[in-house]
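Laboratory data are not the source of any read-out in this text; all were calculated from the coordinates shown. Fair warning: this is a prediction, and the values are worked out from it, not measured in the lab. FYI the Cβ positions are ideal-geometry reconstructions off the backbone, even for glycines, and counts take in every protein chain you see.
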Amino acid sequence: MNGPIQFAPRDAQGMPTPISESEHIAQLKQTLLKDIQRSAYVYRVDCGGCNGCEIEIFSAITPVFDAERFGIKVVASPRHADILLFTGAVTRSMRMPAIRAYRAAPDPKIVVSYGACGCSGGIFHDLYCVWGGTDKIVPVDVFIPGCPPTPAATIYGFAVALGLLGQKLKGSHHEEAEGEQARPAHPGVPLDVRVLIEREARRMAGYRHGGIIADEFLGMLESAGSAPEFDVQLNQYLRGKDDPRLTEIVANLQAISEANLIRQPA
C-alpha cells in the first residue's frame, strides 16, 4: 500500500460507515467473475470470532470435502487473494486490521461474510466492543450464514461467490403496515389451551417432534365441527400412524383438551 493507512470513514456521530466501492471496481469484479480461468485464492480474516468457523473452513479444505477440486485455494497473504473471507463479529480491536487486509487485497476482490457473527454480529452484536457484522466496515458480496456453517455450506458459498451458483437466500426487509397483526397458529383454539397442549406434547416427545404432534392435534381439534367428528378424525389419525407411543401422547392431549376446552354449540 502507498502512504499511511487512513482511518475508515465515519458519520456525523463518529460511528464508522462501510467502505464503498466505485462503479469501476464493480465492473471489474463482474469481469473477473465472468472471465476467471484459474484457481480462486482465498484469504481468511478473523475479526474476533470463537474459532468455530475456522474449524469448519479447515474441514472444507481437507481431502474429505476437497474444496480444491473447485479451484479454491487458501493463501497466506491478502495481496494474493481474489476472495476475502471475513469471520467473527467485528471487534473494536480488529476493525482496523480487517480494513488493512481489505485494502491490501488487489481490486477487483470478492468479500464473503462467513457465519452468523460475520453476517450480523451474532449473539455479540450489541456488545460495547463489537461494531457488528462485516457489512459495517466493508461492502459484502456473499453471506454464508450458520453457527458455524457446515463444510458443504462453505463450499456452496464459495461457488456462489465465483458465480458458479445463484444465491438462493435473498435479502428482504418488511415494514409493518398500520393495523397489521401477525396471525397466530390455530386461532380457533383458545391460547391457554393451545399452550397446555404444546407443552404436554413437547414434554412427552421432545421439542421438535412434540411440536409436530401438537400442531397435527390442534389442526384436527380446530377443524372438527363437533366432539364426535373430532373423535373420528383422531381415531383415523392414530390408525394411520400405528404407534403405541403416539397413542399414549395423544390420549394425554385429548384429556387436556376435554378438561380445559369449552365447546360452543354448533
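Miscellaneous remarks
- Rh (Kirkwood; distinct C-alpha pairs) - region 23-161, Å: 14.9 Å
- Among Glu180, Glu248, Glu198, a tally of other beta-carbon atoms within 10 Å of each Cβ gives an order, fewest to most, of Glu180, Glu248, Glu198.
- More than 26 Å apart - percent of Cα-Cα pairs taken over region 131-252: 53 percent
- Full extension of the segment from Glu248 to His209, taken as 0.36 nm per residue of separation minus the current Cα-Cα distance, would add 12.6 nm.
- Sorted by Cβ neighbour density within 10 Å, fewest at the top, the residues Asp82, Asp135, Asp242, Asp231: Asp242, Asp231, Asp135, Asp82
- Calculated FRET value between Glu216 and Arg103, using beta carbons and R₀ = 41 Å, to 0.05: 0.15
- Cβ-placed point charges (K, R +1; D, E -1), dipole of region 176-266 about Cα centre in debye, nearest 20: 320 debye
- Pair-distance profile P(r), taking every C-alpha pair of region 107-164, with 5 angstrom steps and integer %: 5, 21, 26, 22, 15, 8, 3, 0
- Whole-percent pair-distance distribution, where bins are 10 Å wide, for the alpha carbons of region 191-259: 21, 60, 18
- Residue-span extension gain [Glu68 to Arg239] - 0.36 nm each, minus C-alpha spacing: 56.4 nm
- Ordering Glu258, Glu56 from the fewest to the most neighbouring beta carbons within 10 Å gives Glu258, Glu56.
- Taking amide H as placed 1.01 Å from N in the peptide plane, the amide H of Val111 sits under 5 Å from that of Leu84, Asp141, Val142, each at least 5 places away or on another chain.
- Amide H to amide H, with H built 1.01 Å from N, Gly132 comes under 5 Å of Val90, counting only residues 5 or more places away or on other chains.
- Whole-angstrom gap from region 73-140 to region 206-266, using each part's C-alpha centre: 50 Å
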